[in-house]
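Here's the structure, in structure tokens; my notes come after.
Bear in mind that the values in this text are calculations on the coordinates, not laboratory data. Nothing here was measured: the structure is a model prediction, and the numbers come from that model. So basically every Cβ, Gly included, is an ideal-geometry build from the backbone, and we count neighbours across all protein chains shown.
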Amino acid sequence: MTAFIYALKTMARDKSTTMWSVAFPLVLMSLFYVAFGSLDESYRAEPVGVVVVDDAAYRLTPGLAATIAAASEPDEPWLEPTYVESAAEAERLVADGGFYGYVAARGDGQVSYHRDWRAYGQLDPGHEIVTAILDGYLRHARLHAELAAQADSAALTQAVTAAAGETPDFSEPVRLTANPPSDSLRYFQAALGFAALMMCNFAVQGVGRLKANHSALAARRRLGAAGVLSMAGPTLIAAWLLSFATLVLGYLYLRFPLGVDFGGKDFQVVVILLVAALTATALGSAIGSAPVPGGALSGIVATVACGMSIFAGLYGPASQELGDSVVRAAPWAGWINPAREIADALSSLYNYDTFERSAQALAHLAAVALVLFALTALVLRRTRYEHL
């Protein structure tokens, strides 16, 4: 217990480790939120602003008002109509700007769409949306008129209504993922994977204090009665808990102040972060036990974290495509990359209804952690010093 408390206090008080393990990932997440937080919103179609001439001809044209109203429902609006009483007023509003054009009904049952090419080019999709809605209305109106001319109007209406009520549903909308797809969320999942690898600094610092050639204090500890492995155990547990607490802090920062939604599965995310912190501790212990000068270890951690995060999709679409292609060609390359597996575990949790796929990623992380812990124990136990 004494070794655990000592390691916990020493790691928490180290300013350099705190900056790289805590402050830097939080700053990175903030930058990602500024850069990619509104990415999903950019793919949503904005309603098309049009002016509608609401005169006698418009009100007497069967079904036209209902069509415009249905296309501008608040749930998924395609149109954003502004109603005026005359064509002259509509022309004035369009000339002032801010509208794609105006819609007017003629006395013969036809509908015209007067486009404004100045503010919105001919290839602007807004024009196509308005045209498609009006074309659909005209086709249905023409079909109804042709059918009405061939049969009794009342009987036709009753038959069409009955047939519509008996028409079977041949398809139904199905969402392929448990939550709505999000392009921006993948960056935050990769950012948590990168943050987890930066937590290696805690274990690197703790293991470094067990290497006799790093400091006089470490030399005295190695000469004491306690064995190196008996000191390494409490030290790594302290590093694990600090890493886990820091990752949870980063997740809470994303979840609440920044409002990033991970599918509402907060408890499962915390479980993933617990295993991620364990793997980061194992990786940090392996790096810290390497025969490398202490000053170079932080640079090695940053290099490893940045390099592995390339294949987790941290650096944009090109990085995501590269990581996906590597995993498709060699799945084992993803299993041995903690940053990739952490991001995949979070992605699977968001996209799938069950925890099975995330559990597979956690099993890979746990296996990697066991191998790294075994390697650390082997190196520390066999370390010998020519002089102290």
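Which trypsin sites (Lys or Arg not before Pro) in the stretch 44-99 sit in a loop by DSSP (not H, G, I, E or B) and have at most 16 other Cβ atoms within 10 Å of their own Cβ?
On the way: sites: Arg44, Arg59, Arg92; in loops: Arg44.
Listed in order of number, the matching sites are Arg44.
Could you order the peptides 321-327, 249-255, 13-19 from most to least packed, using the average number of other C-beta atoms within 10 Å per residue?
Ranked by mean Cβ neighbours within 10 Å, highest first: 249-255, 321-327, 13-19.
Using a cut-off of 15 Å between beta-carbons, work out the net charge of the residues near Thr131 (Lys and Arg +1, Asp and Glu -1, Thr131 not included).
Net charge around Thr131: -2.
In whole Hz, what ³J(HN,Hα) sequence does the stretch 238-250 give by Karplus (6.51, -1.76, 1.60; θ = phi - 60°), x for Gly and Pro?
4, 5, 4, 5, 5, 4, 5, 4, 5, 5, 5, 4, x
Could you give each residue of the stretch 77-84 its phi-based ³J(HN,Hα) in whole Hz, using Karplus coefficients 6.51, -1.76, 1.60 with θ = phi - 60°, and x for Gly or Pro?
Once θ is set to phi - 60°, the couplings for the stretch 77-84 become x, 9, 10, 10, x, 10, 9, 10 Hz.
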